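Here the structure is laid out as structure tokens; the discussion comes afterwards.
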Amino acid sequence: MNYYIITGTSRGLGEALANELIDENNSLFCISRSKNETLITNAKNKGASLEYIEYDLLNVERIDQLIEDIFEGITLQESDAVYLVNNAGMVGPIKPIGKCESKDMTANITLNTIAPMALTNAFMKQTENFNGEKLVINISSGAGKRPFFGWGTYCTSKAALDMFTKCVGLEQGNKENPVKVYSFGPGIVDTTMQKEIRSSNNEDFEQVERFIKFKEEGQLKSPEFVAKQVLKLIHTTDLENGTLTSVKEIMEK
């Protein structure tokens, strides 16, 4: 049995990835603030195991307990692999620094950076003595690698997530049975996050017209397509621990 813990499954890439993984050989633990009834129904129809956990990841203090509770439903002795996909995220506040609200900046960094760090940390504690495959995929962004006007908070949160990925990869590098961790940039995906970006204004986000054109010209990738690339990454064996990769690089494999 393969176990998958996926955050942000109420819609978008997280929902698409969970749908791809619904199978009698996989057991899914889906985490989001509200239940995705479509996923639950699909799992029932296929006779697959899916547990849905309604949880707000801004509540970082209880993440250790969240993961403990999840692992009570995982039989590691009968497991081949355990995966964590840190997908939940937010782009806002879409404003230049100096115009943001502190509470919005805090929420962004908490959801995009601190929550994945805490989830990874708790996951590693629970799987320390597990001899099967252990993999964490952090869904990042190209915004973590170059600055965007109006995305100061978002860019920073993803840059920090990438560095965290590198650090964990370094720390696990010489272990006999390491937790592998990769950072994956999904590219421009046709999700509600993109709608939020397109609804911003030029004063707050200078590249808004460019992102509107991406949509008009059909340049956005579907969540389903990107989910397939995440699956491809999961089964990739030639990457160094702590690698930062992207949908483009995985497509070329």
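The values are calculated or read from the model by the stated rules, or taken from the named source; none is laboratory data. Just so it is clear, the structure is predicted and the values come from calculations on it, not from any experiment. Note that each Cβ is placed from the backbone with ideal geometry, even for glycine, and that neighbours are counted across all protein chains shown.
The table below gives the values:
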quantity: Residue check, residue 84 in a loop (DSSP other than H, G, I, E, B) and either touching a residue at least 12 places away in the same chain (Cβ under 8 Å) or surrounded by fewer than 16 Cβ atoms within 10 Å (Cβ to Cβ) (or both); calculated: no
quantity: Subset of the range 120-141 (residues that are part of a loop (DSSP other than H, G, I, E, B) and over 18 Å from residue 177 (Cβ atoms)); calculated: 140, 141
quantity: Residue match in the range 212-226 (condition: modelled with pLDDT of 90 or more, buried (at least 17 other Cβ atoms within 10 Å of the Cβ) and farther than 21 Å from residue 10 by Cβ); calculated: no
quantity: Any pair with Cβ under 9 angstrom, 6 or more apart, that starts in the range 17-31 at a residue that is on the phi < 0 side of the Ramachandran plot and ends at one that is among the basic types (Lys, Arg) and assigned to a loop (DSSP other than H, G, I, E, B); calculated: 22/46; 23/46; 24/46
quantity: Qualifying residue in the range 145-164 (condition: in contact with a strand residue (DSSP E or B) (Cβ under 6 Å, 6 or more places away or on another chain) and buried (at least 17 other Cβ atoms within 10 Å of the Cβ)); calculated: yes
quantity: Filter pass, residue 107 being closer than 24 Å to residue 21 by Cα, surrounded by 15 or more Cβ atoms within 10 Å (Cβ to Cβ) and touching a Leu at 6+ places or on another chain (Cβ under 9 Å); calculated: no
quantity: The range 183-203, subset of a type in the set (Ser, Thr, Tyr) and in contact with a helix residue (DSSP H, G or I) (Cβ under 8 Å, 6 or more places away or on another chain), residue modelled with the highest pLDDT; calculated: 183
quantity: Candidate set: the range 59-78, residues that are part of a loop (DSSP other than H, G, I, E, B) and exposed (fewer than 15 other Cβ atoms within 10 Å of the Cβ); chosen: the one nearest to the chain's Cα centre (by Cα); calculated: 59
quantity: Boolean, residue 168 is crowded, with 18+ Cβ neighbours inside 10 Å and over 15 Å from residue 87 (Cβ atoms); calculated: yes
quantity: Residue that is surrounded by the fewest Cβ atoms within 10 Å (Cβ to Cβ) [pool: residues in the range 37-52 that are in a strand (DSSP E or B) and not aliphatic (A, V, I, L, M)]; calculated: 51
quantity: Inter-residue pairs, beta-carbon under 8 Å, first under 12 Å from residue 12 (Cα atoms) and in the range 181-195, second of a type in the set (Ser, Thr, Tyr) and part of a strand (DSSP E or B), 6+ apart; calculated: 186/246
quantity: Subset of the range 171-211 that is within 21 Å of residue 84 (Cα to Cα) and among the aromatic types (Phe, Trp, Tyr) - its residue that is surrounded by the most Cβ atoms within 10 Å (Cβ to Cβ); calculated: 184
quantity: Subset of the range 76-108 (residues that are of a type in the set (Val, Ile, Thr) and either in contact with a strand residue (DSSP E or B) (Cβ under 9 Å, 6 or more places away or on another chain) or closer than 21 Å to residue 194 by Cβ (or both)); calculated: 82, 85, 91, 94
quantity: Members of the range 148-170 found to be touching a helix residue (DSSP H, G or I) at 6+ places or on another chain (Cβ under 8 Å), in a helix (DSSP H, G or I) and not β-branched (Val, Ile, Thr), listed by number; calculated: 154, 155, 157, 158, 159, 160, 161, 162, 164
